[in-house]
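Computed from the coordinates by the stated procedures, all read-outs in this text should not be read as laboratory data. Values in this document were obtained by computation on a predicted structure and should not be read as measured data. Here the Cβ is made from the backbone with ideal geometry for all residues, glycine too, and neighbour counts use every protein chain on show.
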Amino acid sequence: MVWGFLCALLSAVAYGVASVMQAVAAKATPDSGAGVDPRLLLRVLRQWKFVVGLALDVVGFVAQIAALHTLPLFLVQATQAASLAVTAIAVRVLGVRLGAREWTAVGVVCVGLALLGSAAESEGSDQVGLGFRLALAAAAVVLGIAGFAAGRAGDRVRTAALGLVAGLCFGLVAVSGRVIPSLAPLDLLRDPALYVVAAAGGMAMLFLATALQRGSVTTATAMLVLGETVLPSLIGVLLLGDRTRPGFAVVALAGFVLAVAAALALARFGEPSAPVAPPLAGQEPHEVEPADRPGRDAHR
């Protein structure tokens, strides 16, 4: 179980650093302006920051799958939400100052994960059949339709909706990865859950990149956290046999709420930092408020 928790933490670190690099790359990519454009992934792949972020995502995904085979979904997914604490620290290294509230939120994330870790038992052994796997495939189709519909929604709804659908897709990746019983190549190729992982993962990257490109990264990231934590955790408890240690259910619930709520408080640190204008004589440096930055009052 300790090994699984270390894998979950490694996954959070990889995802947290990747989110900073991908947000910067997405904002710098030309916008086609036509809903969700699958060619966006080809455009962002031309930027080295996005490619490095994608490589970190692969590391994070492998570590996440390893963790899912030894830990309950509610613990692994809460750890993924805690990647925003890593993002906050990463942007601190890049020169963005964290205030007392942000450091407090980072601490609360750590407390929440500690409570979850102390309360969780090893993942349940409930097996699922072909029907459950086909339901996962159907869920991927529904989320794909929802994501493309969200891309054509109005400005007030689009970013939040795309972030939520991307989060649900990442959650679907976690659930699908959890029900894969064997990593042997022949077993993998025969398991429909593998193809759900691939499809949902690709859609998640596309919808998230679109949300990051066109709207507030804070909004997209907050909705992403909700989508990838709450529903998958419920599925793990209700359908896959996840459980807590006897008498520790309240501790686990408190840890989950603390970790996710504190992560939401840190969502703004996925936002690319604004450029700093050179100071005039006798003045301090200050951040420039770009006129074309999404979410500003002038463009609501």
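Once the Cβ-Cβ distance between CYS110 and ALA198 is put in as r, and R0 is 30 Å, what FRET efficiency do you end up with, to the nearest 0.05?
Calculated value: 0.35.
Taking neighbour counts of Cβ atoms within 10 Å as a proxy for exposure, in what order, fewest first, do ILE145, ILE65 appear?
The fewest-first ordering by Cβ neighbours comes to ILE145, ILE65.
Can you work out the Karplus-derived ³J(HN,Hα) for every residue in the range 41-57? Use 6.51 cos²θ - 1.76 cosθ + 1.60 with θ = phi - 60°, whole Hz, and x for glycine or proline.
4, 5, 6, 5, 5, 7, 9, 5, 5, 5, 5, 5, x, 5, 4, 5, 4
At a 10 Å Cβ-Cβ cut-off, how would you order CYS110, CYS7, CYS169, fewest neighbours first? Before the final figure, lay out each step's value.
Numbers: CYS110 15, CYS7 23, CYS169 28.
So the ranking, lowest neighbour count to highest, is CYS110, CYS7, CYS169.
Fully extended, how many nm does the chain gain between ALA184 and ASP155 (0.36 nm per residue separation, minus their Cα-Cα distance)? Don't skip to the end; give the middle numbers.
Values: separation 29, 0.36 × 29 = 10.44 nm, distance 4.50 nm.
Value of the extension gain: 5.9 nm.
Kindly write out, for the range 248-258 in residue order, the coupling ³J(HN,Hα) from the Karplus curve 6.51 cos²θ - 1.76 cosθ + 1.60 (θ = phi - 60°), rounded to whole Hz, with x marking Gly and Pro.
With the stated coefficients, the range 248-258 comes to 10, 4, 5, 4, 5, 4, 4, x, 5, 4, 4 Hz.
Under a Cβ-Cβ cut-off of 15 Å, what is the net charge of the residues other than VAL165 that fall near it, where Lys and Arg count +1 and Asp and Glu count -1?
Working: positive: ARG152, ARG158, ARG214; negative: GLU228.
Neighbour charge sum, excluding VAL165 itself: +2.
What is the set of long-range amide H partners of ALA120 at a cut-off below 5 Å, with H atoms built 1.01 Å from backbone N?
ARG245
What list do you get for PHE207, PHE50 if you sort them by fewest beta carbons within 10 Å?
Going from sparsest to densest Cβ surroundings: PHE50, PHE207.
Rounded, prolate or oblate: which fits the range 2-271, taking a ≥ b ≥ c as square roots of the Cα gyration tensor eigenvalues, rounded meaning a/c under 1.5, else prolate when a/b beats b/c?
In terms of gyration-tensor shape, oblate.
Show me, for the range 64-80, the HN-Hα J-couplings you get by feeding each phi into the Karplus relation (A = 6.51, B = -1.76, C = 1.60, θ = phi - 60°), rounded to Hz, glycine and proline as x.
Each residue of the range 64-80 in turn: 5, 4, 4, 5, 5, 8, 10, 10, x, 4, 5, 6, 5, 6, 5, 5, 5 Hz.
Under a crude label model (7 Å from the Cα following the beta-carbon direction), how far is TRP103 from ALA138 in nanometres?
Distance between the two pseudo-spin positions: 5.2 nm.
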